[in-house]
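K.L.:
Submitted below is the structure of interest, expressed as structure tokens.
The values are calculated or read from the model by the stated rules, or taken from the named source; none is laboratory data. Treat the numbers as computed from the prediction; the structure is a model and nothing was measured. A quick note on method: Cβ atoms are made from the backbone with ideal geometry, for glycine too, and the neighbour counts reach across all protein chains shown.
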Amino acid sequence: DAGITQSPRHKVTETGTPVTLRCHQTENHRYMYWYRQDPGHGLRLIHYSYGVKDTDKGEVSDGYSVSRSKTEDFLLTLESATSSQTSVYFCAIQDAGQPHSGNTIYFGEGSWLTVV
Amino acid sequence: GEDVEQSLFLSVREGDSSVINCTYTDSSSTYLYWYKQEPGAGLQLLTYIFSNMDMKQDQRLTVLLNKKDKHLSLRIADTQTGDSAIYFCAVRRGFNAGNMLTFGGGTRLMVKP
């Protein structure tokens, strides 16, 4: 158990509505990530954070924003959901400065989002 | 950027060995990982290998790294039905924790009884 909780786990929403996914960690790790998983694409990085209020874009950031006001929480917001954002969203955490453990990233259980 | 490729599907019989392959393009990759994903679940780290190693063994799992060919493989000995899942390889460029991972598309392993 990597101490990561995602909420909600499942959500159906309508096109054009805002949606916020929450990731909560109990490990006090510095790095947090949001990925989306789609068939044939593996996992693609949306945004990541390297500390409170410190965030940066990933590979597929268009249409998404993030916020990190506390170490333990990383929020992903879809300002106006579209059908192309139907996906499984994974939060991940990583403890910086642990090269002896491979700087390993640990994943949450995922949030299934359907935009209709 | 980095490209990571995996075959889509592998089917084996219970008790046989499974070999899942992965190729990548960036020769400066430092850490290479294997993750397992069961239906409806997140990704579980299986093992990783540092780029200065050729092989790493952990119980039934053997990772082989051929840096010259940029080829990574995961061998599962005595494959069991519980090993049926999607396996992802992931590659990190650079040594810093801030360096991102690039994932392959995943290989679905089916184990037949």
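K.L.:
Does segment A:92-114 contain any residue that is charged (D, E, K, R), more than 14 Å from the chain's Cα centre (by Cα) and either more than 20 Å from A:Thr5 (Cα to Cα) or more than 11 Å from chain B (Cβ to nearest Cβ) (or both)?
P.N.:
no
K.L.:
Here's something else I'd like to know. In this structure, is A:Tyr89 within 25 Å of B:Gly104 (Cα to Cα), in contact with a Ser or Thr (Cβ under 9 Å, 6 or more places away or on another chain) and at the interface with another protein chain (Cβ under 8 Å from one of its Cβ atoms)?
P.N.:
no
K.L.:
Continuing with the same structure: So, in segment B:66-84, exactly how many residues are touching a strand residue (DSSP E or B) at 6+ places or on another chain (Cβ under 9 Å) and surrounded by fewer than 21 Cβ atoms within 10 Å (Cβ to Cβ)?
P.N.:
Count: 13.
K.L.:
Just a yes or no: is a residue in segment A:83-102 of a type in the set (Val, Ile, Thr) and exposed (fewer than 14 other Cβ atoms within 10 Å of the Cβ)?
P.N.:
Looking for residues that are of a type in the set (Val, Ile, Thr) and exposed (fewer than 14 other Cβ atoms within 10 Å of the Cβ), one finds none in segment A:83-102, hence no.
K.L.:
Just to be sure I understand, how many residues within segment B:52-101 are under 15 Å from the mean Cα position of the chain (by Cα) and at pLDDT below 90?
P.N.:
Residues in segment B:52-101 being under 15 Å from the mean Cα position of the chain (by Cα) and at pLDDT below 90: 2 in total.
K.L.:
Still on this structure: Failed condition for A:Gly63, given (1) exposed (fewer than 15 other Cβ atoms within 10 Å of the Cβ); (2) modelled with pLDDT under 95, with all others met?
P.N.:
Against the list (1) exposed (fewer than 15 other Cβ atoms within 10 Å of the Cβ); (2) modelled with pLDDT under 95, A:Gly63 comes up short only on (2).
K.L.:
Could you give me the residue pairs with C-beta distances under 6 Å whose first residue belongs to segment B:71-89 and is more than 14 Å from every other protein chain (Cβ to nearest Cβ), whose second residue is part of a strand (DSSP E or B) and of a type in the set (Phe, Trp, Tyr) wherever it lies, and which are 6+ apart or on separate chains?
P.N.:
B:Leu74/B:Trp34
K.L.:
State whether the residues of segment A:69-78 include one that is over 15 Å from the mean Cα position of the chain (by Cα), hydrophobic (A, V, I, L, M, F, W, C) and under 18 Å from A:His24 (Cα atoms).
P.N.:
no
K.L.:
Read through the list (1) within 12 Å of chain A (Cβ to nearest Cβ); (2) at pLDDT 95 or above, then give the number of the only condition that B:Pro39 fails.
P.N.:
Unmet for B:Pro39, out of (1) within 12 Å of chain A (Cβ to nearest Cβ); (2) at pLDDT 95 or above: (2).
K.L.:
Continuing with this model, one more query. Quick one: is B:Thr79 polar (S, T, N, Q) and under 22 Å from B:Ser11 (Cβ atoms)?
P.N.:
Judged against the criteria, B:Thr79 is a match.
K.L.:
Checking B:Thr25 against (1) β-branched (Val, Ile, Thr); (2) under 27 Å from A:Tyr33 (Cβ atoms); (3) within 10 Å of the chain's Cα centre (by Cα): exactly one of these is not met. Which one?
P.N.:
Unmet for B:Thr25, out of (1) β-branched (Val, Ile, Thr); (2) under 27 Å from A:Tyr33 (Cβ atoms); (3) within 10 Å of the chain's Cα centre (by Cα): (3).
K.L.:
Looking at B:Lys56 and the list (1) in a strand (DSSP E or B); (2) facing another protein chain (nearest Cβ under 10 Å), which single condition is not satisfied?
P.N.:
The failed condition is (2).
K.L.:
Looking at segment A:60-71, is at least one residue within 30 Å of B:Glu2 (Cβ to Cβ), out of contact with any Leu (no Cβ under 6 Å at 6 or more places or on another chain) and acidic (Asp, Glu)?
P.N.:
Looking for residues that are within 30 Å of B:Glu2 (Cβ to Cβ), out of contact with any Leu (no Cβ under 6 Å at 6 or more places or on another chain) and acidic (Asp, Glu), one finds at least one in segment A:60-71, hence yes.
K.L.:
Another question about this same structure. Condition (residue is of a type outside the set (Asp, Glu) and either part of a helix (DSSP H, G or I) or farther than 27 Å from A:Ile46 by Cβ (or both)) applied to segment B:84-93: is it met by at least one residue?
P.N.:
Residues of segment B:84-93 that are of a type outside the set (Asp, Glu), as a first pass: B:84-93.
Now drop any that are not either part of a helix (DSSP H, G or I) or farther than 27 Å from A:Ile46 by Cβ (or both), which leaves B:84.
The answer is yes, given that some residue of segment B:84-93 is of a type outside the set (Asp, Glu) and either part of a helix (DSSP H, G or I) or farther than 27 Å from A:Ile46 by Cβ (or both).
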